[in-house]
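The values are calculated or read from the model by the stated rules, or taken from the named source; none is laboratory data. Predicted, not measured: the structure shown is a model, and the values here were computed from it. Heads up, the Cβs are rebuilt from the backbone with ideal geometry, glycines too, and the neighbour counts pull from every protein chain shown.
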Amino acid sequence: MKIGITCPYSWDVPGGVQQHVRDLAEALIDEGHEVSVISPADDDTPLPPYVTGAGRAVPVPYNGSVARLSFGFLSTNRVRRWIKDGGFDVLHVHEPEIPSLSLLACWVASGPIVATFHTAIPRSRILLVTYPVVRTGLEKINGRIAVSEAARTTLVEHIGGDAVVIPNGVATRHYRKAEPLPGWPGEGGAIGFLGRLDEPRKGLPVLLKAFEILGPRHPGLRLLVAGRYADADELLHRVPAGLRDRIVLLGQVSEEDKVRVLHSVDVFCSPNTGGESFGIVTAEAMAAGVPVVASDIDAFRQVLRGGEAGELFANGDAADLARALGRLLGDPGRRAELSAAALAAVAEYDWSVVARGVYSVYETVVLGSTEVAVTASGGDFG
Amino acid sequence: MITDIVIVIAAALFMGVYVSWRAGRIDRLHARVDMARAALDATLLRRASVALELATSGLLDPATSLLLASAVHGTRDSTGTDRPRDLAESDLTRALRAVFSQPGFLTSMKGKEGADELLAEVEAAAHQVFLARKFYNDVVAATRLARSRPLARVLRLSGRASAPEFFEMDDSLVAENTSTPLSL
């Protein structure tokens with residue numbers, strides 16, 4: 001099948017939607033489909049062969065922050081040309097409610113269109129979605145996908161209509177192998193954490209408390225922490241002075257280094273206290289084959305198969321977390337067992353599986369429909 | 001003796017008149033601040049409504065329309081975003097600038113019905129915001145200076161009126177990193 005995919009955000013900026021589009025496109029190509037992606041990108045950015053650049057995205061205030069988006073008549077003309085030349089059987093737009101390429105594609109295209117909604121839409125934006133110009137574009141969509149139940153709920157309640165939920169996948173092969181960071185995990189063992197440090201729901205305070213209990217009992221045990229933070233000093237001052245030099249803060253890391261971090265530790269910890277719908281980071285650790293200790297919130301219970309594919313501890317309980325971590329650090333046999341179980345469990349979240357789900361949506365919308373074309377009226381700027 | 005009394009009374013009278021003139025001046029300045037603020041509000045509202053008209057005109061692509069409409073929406077007090085007015089108005093300025101500074105934008109609008117008038121109106125409204133804010137900040141500066149003088153402070157000549165605040169926002173018609181003016 002010939003598939004055209006639009007990405008609303010700049011390809012050269014890391015982000016969840018861009019990663020989703022990349023992984024989906026690659027999984028579909030692996031399945032033997034012909035895929036073309038159009039995305040905003042700087043002219044000098046090296047792009048994969050399946051990506052067409054739509055020009056530089058313009059930083060512009062949107063919804064209280066600055067977003068880099070593609071809009072205007074030049075972008076519209078590029079999208080038109082891409083659709084005209086592409087001869088796609090199906091057009092798959094991502095985040096069409098954002099003022100960028102996907103919305104433009106809906107406007108200029110006719111034929112089978114599938115849309116994926118990634119975020120729960122805040123109330124302030126709902127008025128705008130009902131706004132005539134946008135409405136016309138959204139009404140052309142034949143099949144809708146939401147990446148989470150929360151995204152689906154806002155769609156149903158505020159825009160109307162329904163969507164199938166197909167969660168994000170994990171590109172497991174990207175995580176399988178990587179060189180550990182120099183000197184890691186080291187003799188005394190290492191625990192890893194990934195995520196926003198200043199977001200309390202990510203649970204770092206619980207892990208620090210547990211480390212305070214474990215530290216004296218396991219000399220040489222270190223903690224490797226990667227993620228964005230505002231105030232590193234404030235964070236380190238929460239643990240006793242003697243333990244501080246055993247905590248290594250990496251700050252925000254690249255996608256590549258993230259995989260290396262996962263391969264640099266003996267145990268990975270997901271202490272999130274709530275607010276996770278899936279736990280992508282935990283699934284990535286599983287894909288790297290790292291034994292995982294996670295809080296027993298619903299999302300982790302599900303991905304870890306109720307504790308078969310990783311240890312669960314009582315949510316928010318630092319003593320229980322310390323016990324679980326201590327037990328694993330002292331038992332290499334159990335770690336190997338969990339690693340194998342995690343790799344097996346995460347396979348069902350692999351992009352190849354997810355892409356097949358998306359493909360069946362394509363198959364449904366192309367039934368009895370012609371190929372994607374440009375409309376006569378929409379977006380002709382000559 | 002009598003001349004002394006006359007001089008004292010005259011001095012006291014003069015002081016009284018002077019102080020009341022100073023108080024009256026501060027009062028008048030406050031009134032001018034109110035008027036300038038009302039004028040500024042009116043120009044901001046006018047700019048927002050013209051920008052919204054452009055957004056809904058059908059002249060633009062839906063992405064640009066949505067951007068502009070969303071920026072206009074953000075300037076209304078009733079939104080749930082809690083973004084302060086000055087930041088929200090600056091957002092609208094930047095959104096307009098992003099639209100107008102696209103290379104070839106004006107050429108692309110040529111020949112479309114009503115486009116020239118509407119774009120000219122947007123530009124005029126944006127320029128009026130620039131002027132109204134300048135005048136408002138001038139009178140605020142004068143008022144704050146008058147209030148800060150020792151006599152005004154000791155005798156509390158400004159009464160219970162609170163000191164007026166400057167209104168800071170990005171209202172520049174010229175794009176930051178190029179020297180392309182927004183103007184037609």
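Residue A:325 meets each of the listed conditions (1) over 20 Å from residue A:190 (Cβ atoms); (2) touching a Cys at 6+ places or on another chain (Cβ under 8 Å) apart from (1). Each residue in segment B:56-70 was checked for being under 20 Å from residue A:77 (Cβ atoms) and more than 7 Å from chain A (Cβ to nearest Cβ), and 5 of them qualify.
Quick one: which strands (runs of 3 or more DSSP E) sit completely within segment A:45-134 and have at least 3 residues that are within 22 Å of the chain's Cα centre (by Cα), modelled with pLDDT of 90 or more and within 12 Å of chain B (Cβ to nearest Cβ)?
Numbers: elements: A:51-53, A:58-62, A:65-69, A:90-94, A:113-117.
Correct list: empty, since no element meets the threshold.
Counting only residues that are assigned to a helix (DSSP H, G or I) and within 14 Å of chain A (Cβ to nearest Cβ), how many does segment B:83-141 have? Don't jump to the end; show me each part of the working.
Taking segment B:83-141 as the starting set, the residues that turn out to be assigned to a helix (DSSP H, G or I) are B:85-100, B:105-109, B:115-141.
Those left that are additionally within 14 Å of chain A (Cβ to nearest Cβ): B:85-100, B:105-109, B:115, B:119.
The total comes to 23.
Note on segment A:311-375: enclosed helices (runs of 4 or more DSSP H) holding 2 or more residues that are under 30 Å from residue A:216 (Cβ atoms) are A:318-329, A:332-346. Being within 22 Å of residue A:317 (Cα to Cα) and buried (at least 19 other Cβ atoms within 10 Å of the Cβ) holds for only one residue in A:222, A:201, A:238, and it is A:222. Listed conditions (1) buried (at least 24 other Cβ atoms within 10 Å of the Cβ); (2) at pLDDT below 90 are all met by residue A:39, apart from (2).
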